[in-house]
1. For the subset of region 89-119 comprising residues that are in contact with a helix residue (DSSP H, G or I) (Cβ under 7 Å, 6 or more places away or on another chain) and within 15 Å of Gly25 (Cβ to Cβ), which member is surrounded by the fewest Cβ atoms within 10 Å (Cβ to Cβ)?
2. Looking only at region 158-175, count how many residues are open to solvent by less than 90 Å² (accessible area, probe 1.4 Å) and free of Cβ contacts under 8 Å to residues at least 24 places away in the same chain.
3. Within the set of pairs 6+ apart or on separate chains, which have a first residue in region 120-146 that is open to solvent by less than 70 Å² (accessible area, probe 1.4 Å), a second that is charged (D, E, K, R), and C-beta atoms under 6 Å apart?
4. With the checklist (1) open to solvent by less than 90 Å² (accessible area, probe 1.4 Å); (2) of a type outside the set (A, V, I, L, M, F, W, C); (3) farther than 24 Å from Gly81 by Cα; (4) free of Cβ contacts under 8 Å to residues at least 40 places away in the same chain in hand, flag the one item Pro48 doesn't pass.
5. Filter region 1-45 down to the residues that are more than 18 Å from Phe69 (Cα to Cα), open to solvent by 60 Å² or more (accessible area, probe 1.4 Å) and β-branched (Val, Ile, Thr) and list them by number.
6. Name the residues in region 82-98 that are at pLDDT 95 or above and either out of contact with any strand residue (DSSP E or B) (no Cβ under 6 Å at 6 or more places or on another chain) or assigned to a helix (DSSP H, G or I) (or both), would you?
Amino acid sequence: DIATRVLGTPAQIKEIESRPVFWWGAEKPKVLVLAHLDTVWPIDSFQPLWSVEGDVIRGPGVFDMKAGFIQALYALKGISGDVALVATTDEETGSHASKALIKELSAQADAVLVLEASLDGKVKTGRKGTAMYQISVHGKASHAGLEPEKGINATTEISHVVLSLAALENSEHGTTVVPTMLKSGTTINTVHELAEL
């Protein structure tokens with residue numbers, strides 16, 4: 001395994017809420033290095049899956065966040081004590097299975113380091129907060145030709161909601177709003193990111 005090759009001792013693959021979690025180091029770390037191994041890219045979206053050209057690697061999730069995971073492994077080389085590298089597999093979908101684990105480990109640690117990649121060689125020192133909402137709109141059926149005034153068009157109504165949500169964005173405060181359609185009809189999934197800390 002990669003931890004054995006880099007750090008000399010193997011990692012564990014723990015199952016937390018039916019999801020695999022990469023865990024190397026202390027069971028109750030005072031310094032927690034946190035990463036994630038999942039990606040937003042669908043299966044088979046990269047063909048070939050990986051390509052290496054010189055010192056450049058391309059593939060799903062290389063930037064977010066395989067690069068940070070590899071940096072964490074090499075940063076821990078020669079380090080011992082109450083430290084652990086924990087990499088979850090559900091961050092891109094909201095950490096539903098790993099959220100309780102992350103909260104518990106973070107509360108017990110003196111320091112938590114997340115080596116999420118950044119652009120132009122910069123170091124991330126803050127993170128936006130997020131909130132997710134689901135909005136459902138239900139229409140009222142009527143004959144479109146004979147009695148359209150008696151109906152409510154759910155598509156038209158949801159379009160008003162989407163435009164209202166988009167208007168909440170405020171670049172001056174670093175607030176972004178990203179309305180997205182879920183596959184189940186007219187439900188809107190909105191991410192409202194707060195200003196960076």
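1. Taking region 89-119 first, the residues in contact with a helix residue (DSSP H, G or I) (Cβ under 7 Å, 6 or more places away or on another chain) are 95, 112, 115-117.
Now restrict to residues that are within 15 Å of Gly25 (Cβ to Cβ): 112, 115.
Details: Val112: 15, Leu115: 20.
Going through the qualifying residues, I end up with Val112.
2. The initial filter retains those residues of region 158-175 that are open to solvent by less than 90 Å² (accessible area, probe 1.4 Å), namely 158-159, 161-162, 164-167, 170, 174-175.
Applying the additional criterion that residues be free of Cβ contacts under 8 Å to residues at least 24 places away in the same chain yields 159, 164, 166-167, 170, 175.
Of the residues in region 158-175, 6 are open to solvent by less than 90 Å² (accessible area, probe 1.4 Å) and free of Cβ contacts under 8 Å to residues at least 24 places away in the same chain.
3. Taking only residues 6 or more apart or on different chains, the pairs are Gly126/Glu196; Lys128/Glu193; Lys128/Glu196; Val137/Glu157; Ser142/Lys150.
4. Tallying (1) open to solvent by less than 90 Å² (accessible area, probe 1.4 Å); (2) of a type outside the set (A, V, I, L, M, F, W, C); (3) farther than 24 Å from Gly81 by Cα; (4) free of Cβ contacts under 8 Å to residues at least 40 places away in the same chain, Pro48 fails exactly one: (1).
5. Ile43
6. Asp82
Listed here are the residues, each with its yes/no results for (1) touching a strand residue (DSSP E or B) at 6+ places or on another chain (Cβ under 7 Å); (2) at pLDDT below 85; (3) closer than 30 Å to Val83 by Cβ.
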site: Ala107; (1), (2), (3): no, no, yes
site: Glu116; (1), (2), (3): no, no, yes
site: Lys122; (1), (2), (3): no, yes, yes
site: Thr125; (1), (2), (3): no, yes, yes
site: Thr130; (1), (2), (3): yes, yes, yes
site: Thr156; (1), (2), (3): no, no, no
site: Pro179; (1), (2), (3): yes, no, no
site: Val191; (1), (2), (3): yes, yes, no
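The values are calculated or read from the model by the stated rules, or taken from the named source; none is laboratory data. These figures come from a predicted structure and were not determined experimentally. In this analysis, Cβ positions are derived from the backbone assuming ideal geometry, glycine residues included, and neighbour counts consider all displayed protein chains. Ligands, DNA and RNA are stripped out before the accessible areas are found, and what is left, the full protein with its side chains, is counted by its heavy atoms. Shrake-Rupley method; radii C 1.70, N 1.55, O 1.52, S 1.80 Å.
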